[in-house]
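J.: One structure coming up, written as structure tokens, with questions to follow.
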Amino acid sequence: MAAELPSGPKIPQRPAAKRENPALDNLLRFGKYFITRVISLSITLVIAVYLTVLVANMGGAVDQIREGQIRERIGLMALADPEIMRMPVEDRRAMEEELVRLEMSRYGLDRPFIVRSFGYLTRAMTLNLGRAEYLTSDSGSNQVKLIILERLPTTLLLMMSSFLLIFFISLYFALYLSRHYGSFMDRAVIALAPVSSGPAWFYGIFLIMFFAAVIGIMPFGGMVKAPPPTQWFRYALSVLHHMTLPVIAVFCSSLFIAVYSRRTFFLIYSTEDYVEMAKAKGLSPRAIERRYILRPTLPPIITQFALALIGQWQGAYILETVFNWPGLGLVMLEAINMYDTPVIVANSVIFGYLLAFTVFILDIIYAIIDPRVKVGSEEGRL
């Protein structure tokens, strides 16, 4: 029999590699990014709200003013009560101090300000700010949440409608100018681009002076004429009539610079090699614009739109005041003038939530419109 050959060392075999699931990997990566982004934005929002609480209370000075108001109110009440005035001076002062102490305890002013500030922060983040000190809602309630929620839709109506119109009009107008480079319209937009350097409320003042005071075809302000129409169709027409000047003011402050910048993006991308190749293949100009020019430029365009929207949220205070538009900006100004701290903090929290939501949605849109962006991946983080 032939001798058996000695067997060599056995090589350990690797276990079979698990099959990758791209859909599951993308879902896990998106979930990880979603949680991370929510946590980071929440931390930023908490810090911003706490600073707002400190500023709105002026480091505790507003609480001292409130304490003075409590003492003044109790003193006037004592002067109006004959039985209290017949009491000895020391007993009357002791009773007044006890009443002040009880009121201070009821409002939580007997604790240190640093402790109260964290309580304010917790209630502010949940919009559980109780009752306003001076302002009331349109229904007569002094609940802060009702005051804010009644005015929020009017602000969203004005700001979102203006910016959505600006976004789509500027997009299509910029595409038109990129196809007609050097035309009279193109040169006119370039000349009018510096006009957009002014804020919306600045143009609003001149629009009111001309169209309302001189010509008299537009209202001076407000949201609807008085008395309000009872039919919903006439009511909607009245709202559109009152919205015209504020929307034009926002247009003047944003439209021309938006058209100019987007037209520049389109001109730059229209000279790329892949665009020339698409032209050589015989694709129609509309298809080239849609696939090879508009798609790559959408991320920077949407970034500009989001940043402009954030800036306009901050400028809504003055714009709504100029046009007497009953939104959050007008409520904020009234609360500042009256030192109504709960309404100031709640208003700031609402704007903070709106800004954080805008930034978060912007990141998600990036992943949808730009295939080069992979949410949560190491090669292409947002």
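Yes/no per residue for (1) touching a Cys at 6+ places or on another chain (Cβ under 9 Å); (2) over 30 Å from Glu133 (Cα atoms); (3) not aliphatic (A, V, I, L, M):
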site	(1), (2), (3)
Tyr269	no, yes, yes
Leu283	no, yes, no
Arg290	no, yes, yes
Leu294	no, yes, no
Leu319	no, no, no
Leu330	no, no, no
Glu334	no, no, yes
Val345	no, no, no
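J.: Please go through the stretch 217-241 and give me each residue that is among the small types (Gly, Ala, Ser), part of a loop (DSSP other than H, G, I, E, B) and surrounded by 10 or more Cβ atoms within 10 Å (Cβ to Cβ), ordered by number.
T.: Across the stretch 217-241, the qualifying residues are Gly221, Gly222.
A quick yes/no check of all residues on (1) of a type in the set (Ser, Thr, Tyr); (2) in the same structural domain as Cys252 (by TED's automatic domain parsing); (3) not in a helix (DSSP H, G or I):
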| residue | (1), (2), (3) |
| --- | --- |
| Leu283 | no, yes, yes |
| Thr303 | yes, yes, no |
| Ala306 | no, yes, no |
| Tyr317 | yes, yes, no |
| Val349 | no, yes, no |
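J.: How many residues, within the stretch 162-214, are among the β-branched types (Val, Ile, Thr) and under 19 Å from Leu319 (Cβ atoms)?
T.: 4
J.: Being in the same structural domain as Phe168 (by TED's automatic domain parsing) and exposed (fewer than 14 other Cβ atoms within 10 Å of the Cβ), is that true of even one residue in the stretch 288-301?
T.: Taking every residue of the stretch 288-301 in turn, at least one turns out to be in the same structural domain as Phe168 (by TED's automatic domain parsing) and exposed (fewer than 14 other Cβ atoms within 10 Å of the Cβ).
J.: In addition: Consider Val55 carefully, then state whether it is surrounded by fewer than 16 Cβ atoms within 10 Å (Cβ to Cβ), out of contact with any strand residue (DSSP E or B) (no Cβ under 6 Å at 6 or more places or on another chain) and more than 24 Å from Asn337 (Cα to Cα).
T.: no
J.: Just checking: which of the helices (runs of 4 or more DSSP H) contained wholly in the stretch 71-135 hold 3 or more residues that are within 26 Å of Ala356 (Cβ to Cβ)?
T.: Where helices (runs of 4 or more DSSP H) fall fully within the stretch 71-135 and carry at least 3 residues being within 26 Å of Ala356 (Cβ to Cβ), they are 113-125.
J.: Would it be correct to say that Leu152 is at pLDDT 85 or above, closer than 23 Å to Ile248 by Cα and under 23 Å from the mean Cα position of the chain (by Cα)?
T.: When the stated conditions are applied, Leu152 does not pass them.
J.: What residue, among those in the stretch 12-52 that are of a type in the set (Ser, Thr, Tyr) and surrounded by 15 or more Cβ atoms within 10 Å (Cβ to Cβ), is modelled with the highest pLDDT?
T.: Tyr50
J.: Among the hydroxyl-bearing types (Ser, Thr, Tyr) and outside the structural domain of Thr271 (by TED's automatic domain parsing) - does that describe any residue in the stretch 96-114?
T.: yes
J.: Limited to the stretch 265-281, what total is found for residues that are over 35 Å from the mean Cα position of the chain (by Cα) and assigned to a loop (DSSP other than H, G, I, E, B)?
T.: 3
J.: Tell me which of these Tyr172 doesn't satisfy, since it passes every other one: (1) in a helix (DSSP H, G or I); (2) among the hydroxyl-bearing types (Ser, Thr, Tyr); (3) touching a Leu at 6+ places or on another chain (Cβ under 9 Å).
T.: All conditions pass for Tyr172, except number (3).
The values are calculated or read from the model by the stated rules, or taken from the named source; none is laboratory data. Note that the coordinates shown come from a computational prediction; the quantities given were computed from them, not determined experimentally. When we count neighbours, we look across all protein chains shown, and the Cβ atoms used for this are built from the backbone with ideal geometry, even at glycine.
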